[in-house]
Amino acid sequence: MPWIDKLVGRSPIRPMQQHMTAAVGCAQRIIPLVEAMATGDLAAIRATRVEIDSLEHAADAIKNEIRSHMPRRLMMAMERRDLLDILDNQDSIADVVQDIAELADQRGMRLPPTMVEPVRALARRSLVACEQGKRVIDELDELVETGFGEREVARVEQMLSELARIEAETDDLLDAACRTLFGLESELGVTTVYWHQILLWIADIADYAERVGNRLRLLIAH
């Protein structure tokens, strides 16, 4: 290993991008999970949970590798703490998807018919936010290579604005889904609490993606 690598370590940018890809892989399974809950297919819910668990564990392995080998000093425009903050938010995407799958499986949850479309819409838009967050992280190497050049920064800022817009749409969809849910409260009883938690977690997928973007926005603003 060249002496400069021993001093500052290898760039963590590519592993960070690989981790975000793994986190988005988890998030993408929210769609088949919602479809399984829509039909009450308990076997499909269980199978999707097993798949999500495997993907989350793979993301954790990448995260732990990054943390173990992240150099204390980086010869780049970002500090170690900044990258670790971004990594934590990426990791939260995978974690919250796992939480959703665990609860859906443990309680054998079937969506009430009137909840299916609102939850589908929320899940799909949250996934779009997550995938937009990945596009932003995919630009990290370009940002570093150009020294946070003006043109690349402007490009990323446009992507971040789009991410913020998508996340705001998920807030509206969450509100609509919650209103539909609470309209069924007398029918659903105590399970209303569990469905509400699942709705919040689905919206969190978009929220954590936006946090990834917001952390990067702070970096390029300096």
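The values are calculated or read from the model by the stated rules, or taken from the named source; none is laboratory data. Predicted model, so just to flag it, every value in this text is computed and none were measured. Quick reminder, even Gly has a Cβ in these numbers, built from the backbone with ideal geometry, and neighbours come from all protein chains shown.
Determine, yes or no, whether Asp105 is within 16 Å of Lys134 (Cα to Cα) and either assigned to a helix (DSSP H, G or I) or without any contact (Cβ under 8 Å) to a residue 60 or more places away in the chain (or both). So Asp105 does not fit the description; no. One residue is enough: does region 73-84 have a residue meeting the conditions surrounded by 18 or more Cβ atoms within 10 Å (Cβ to Cβ) and either among the hydroxyl-bearing types (Ser, Thr, Tyr) or touching a strand residue (DSSP E or B) at 6+ places or on another chain (Cβ under 7 Å) (or both)? No - not one qualifying residue is present in region 73-84. Only a single item in (1) at pLDDT 95 or above; (2) buried (at least 21 other Cβ atoms within 10 Å of the Cβ); (3) farther than 30 Å from Pro113 by Cβ is not met by Leu216, and it is number (1). If the condition is being assigned to a helix (DSSP H, G or I), among the charged types (D, E, K, R) and modelled with pLDDT under 95, then region 1-60 contributes Asp5, Lys6, Arg14. The listed residues are Ala94, Ala101, and the only one of them that is under 13 Å from the mean Cα position of the chain (by Cα) and surrounded by 17 or more Cβ atoms within 10 Å (Cβ to Cβ) turns out to be Ala94. Inside region 167-182, residues that are without any contact (Cβ under 8 Å) to a residue 60 or more places away in the chain and either more than 11 Å from Ala129 (Cα to Cα) or surrounded by 24 or more Cβ atoms within 10 Å (Cβ to Cβ) (or both) make up a count of 11. When region 108-131 is filtered for residues that are of a type outside the set (A, V, I, L, M) and either over 12 Å from Met37 (Cα atoms) or assigned to a helix (DSSP H, G or I) (or both), the ones remaining, listed by number, are Pro113, Thr114, Glu117, Pro118, Arg120, Arg124, Arg125, Ser126, Cys130, Glu131.
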